[in-house]
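Written out below as structure tokens is the structure these notes cover.
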Amino acid sequence: MATVGDYLQSLPTDRRVAMAKICSLIRRSARGVRESMRHALAFYELSGPLFALESGEKSMTLYVAETDVILAFKEKIKNVDIERQTILFDDLNRIPLDVIEKIVRESVAARRARVAAGKALTLAELLAIWGLTEEDAKAPPPTVRISMKSREEEGESAEAAK
């Protein structure tokens, strides 16, 4: 999948709705974040990976880069894995969006402070914490569209468009 939107369209309705809510919340709450799709993971980057979101068969996992933020919220949200810095959502109908929004906002502030201090984690360090491989985080190859028309037909189409 080339974009997060393309990926969302390929999911079953229940998973698509749940994941779209979190993707939208991250885009809205984390100004300046860059969104990309990498091997079934929606990545959100701000001076390096900040979040990754993965849709499972009956659950969804949010990977959080900022350790201090995940520690601060471990009592306010269930299914937090401190070691891997993840939050597992096992009920897609009951995602605590208000808490997730606070996590996103605090992660952005923490990331900006960490970058200013020159202490941002490298991609390799973060992937090791998240338990992901370099292959998981690799950007997919660009989509190449090959026209099935001959050069003459393309020329005629361009002429007709004028």
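The values are calculated or read from the model by the stated rules, or taken from the named source; none is laboratory data. Quick caveat, the model's predicted, so the values are computed rather than measured. Note that we place each Cβ from the backbone using ideal geometry, even for glycine, and neighbour counts take in every protein chain shown. Remember, those area values only see protein heavy atoms, side chains included, never the ligands or the DNA or RNA. Shrake-Rupley method; radii C 1.70, N 1.55, O 1.52, S 1.80 Å.
Note down the magnitude of the dipole of region 3-118 about its Cα centre, charges +1 on Lys and Arg C-beta and -1 on Asp and Glu C-beta and zero elsewhere, to the nearest 20 debye.
On the way: 19 positive and 16 negative charges, 75 e Å.
That gives region 3-118 a dipole magnitude of about 360 debye.
Converting phi to 3J(HN,Hα) with the Karplus coefficients 6.51, -1.76 and 1.60 and the offset θ = phi - 60°, region 91-96 yields 10, 5, 8, 10, 9, x Hz in sequence order, with x at every glycine or proline.
Annotation for region 96-118 versus region 45-68: alpha-carbon center distance of 12 Å.
First compute the accessible area of region 1-66 with a 1.4 Å probe, then give the percent of it belonging to carbon and sulfur atoms. Let's see the in-between values first.
Numbers: 1330 of 2810 Å².
Exposed carbon and sulfur together represent 47 percent of the surface.
Per-residue Karplus couplings for region 103-110, computed as 6.51 cos²θ - 1.76 cosθ + 1.60 with θ equal to phi - 60°, are listed in order as 4, 4, 4, 5, 5, 5, 4, 5 Hz, Gly and Pro entered as x. With protein chains left intact and a 1.4 Å probe, residues in region 1-136 average 52 Å² of accessible area per residue.
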